[in-house]
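Data block below; observations after.
Readers should treat all values here as calculations from the given coordinates under stated rules, not as data from a laboratory. Computed from a predicted model, the values in this text were never measured in an experiment. Cβ coordinates were reconstructed from backbone atoms using ideal geometry, including for glycine residues, and neighbour counts include every protein chain displayed.
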Amino acid sequence: MSASVPVITLDGPGGAGKGTVCLLLANKLGWHMLDSGSLYRLTALEALRKDVRKEPQLIEIAKKMDIEYVPVKGQLQVLLDGREVTDAIRAEAVGSRASEIAAIAGVRQALLERQRAFAVAPGLLADGRDMGTVVFPQAQLKIFLTASPEERAKRRYKQLKEKGIDANLPELVAELKARDKRDCERSAAPLKAAADAILLDTTEMSIEQVVEQVMQLASQRFGSSVA
Ligand code: DC
């Protein structure tokens, strides 16, 4: 990663608001964004479609899958082999499989350079679990977003319903807790805040308040270029 490219990392558990905040900030700043979870979800989707379960083949998928991100009306469309899979990768089954696959060190290694390639001028907002600890340890601003599991499940429920995807709130709470446990306890790049990350608990905050707070931190760190 070039030290001259400003990078803001946003790490934290699923449903803490990272994705929405990242997208809003990327649009506000005119920076690129990396939704690193989508890379694990794409690997999972391809594995589910091809019924791949063995590690070497999963690593092969992570290395070789043909993916593209296309900005459309302030959102990022995700293409796999030229086919739109933006909503397909958000299904809970894909998320669960992604969390299992993300525990495989070889898969993480295969996705590392793909992720670092996103750090190009004028700047990058990187959303994930290990952005500040492993992928961009030199990032100039690192944020760790959290919220209670119940609040995170409610947000995910709302998001899924808005997309017309069927969801069940108690099941979502249980799945989020199971995924948190797996993400925190795995030995390869577990979910944890970088030592130099700023912690933000968003349970009681609106998305606008979180964006505002990160913008303030960004202008303290990067000066007038982001004001
Ligand atoms: O943020 P998300 O729900 O889209 O991520 C899907 C899964 O991918 C999540 O359970 C953990 C994994 N993941 C990861 O291990 N490292 C990242 N940087 C991003 C996601």
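Tell me, what are the semi-axes, in whole angstrom and largest first, of the equivalent ellipsoid of the stretch 129-192 as set by the roots of 5 times the Cα gyration tensor eigenvalues? Working through the eigenvalues yields semi-axes of 27, 15, 10 Å.
Spin-label model, GLU208/GLU162: points 7 Å from Cα along the beta carbon direction are separated by 1.4 nm.
Highest mean packing first, where packing is the average number of other Cβ atoms within 10 Å per residue, the peptides 34-40, 55-61, 10-16 line up as 10-16, 34-40, 55-61. Computed about its Cα centre, the charge dipole of the stretch 68-227 is approximately 220 debye, with only Lys, Arg, Asp and Glu carrying charge at their Cβ. Counting only lysines at least 8 places from LYS64 when in the same chain, those with an alpha carbon closer than 24 Å to its own are LYS50, LYS54. At q = 0.17 Å⁻¹, work out log10 I(q)/I(0) for the chain with the Debye formula, treating every Cα as an identical point scatterer and leaving solvent out; two decimals please. Debye curve over Cα of the chain, log10 I(q)/I(0) at q = 0.17 Å⁻¹: -1.35.
Once backbone amide H atoms are built at 1.01 Å from N, LEU10 has ALA126, ASP127, GLY128, ILE143 as its partners under 5 Å, excluding neighbours fewer than 5 places away on the same chain.
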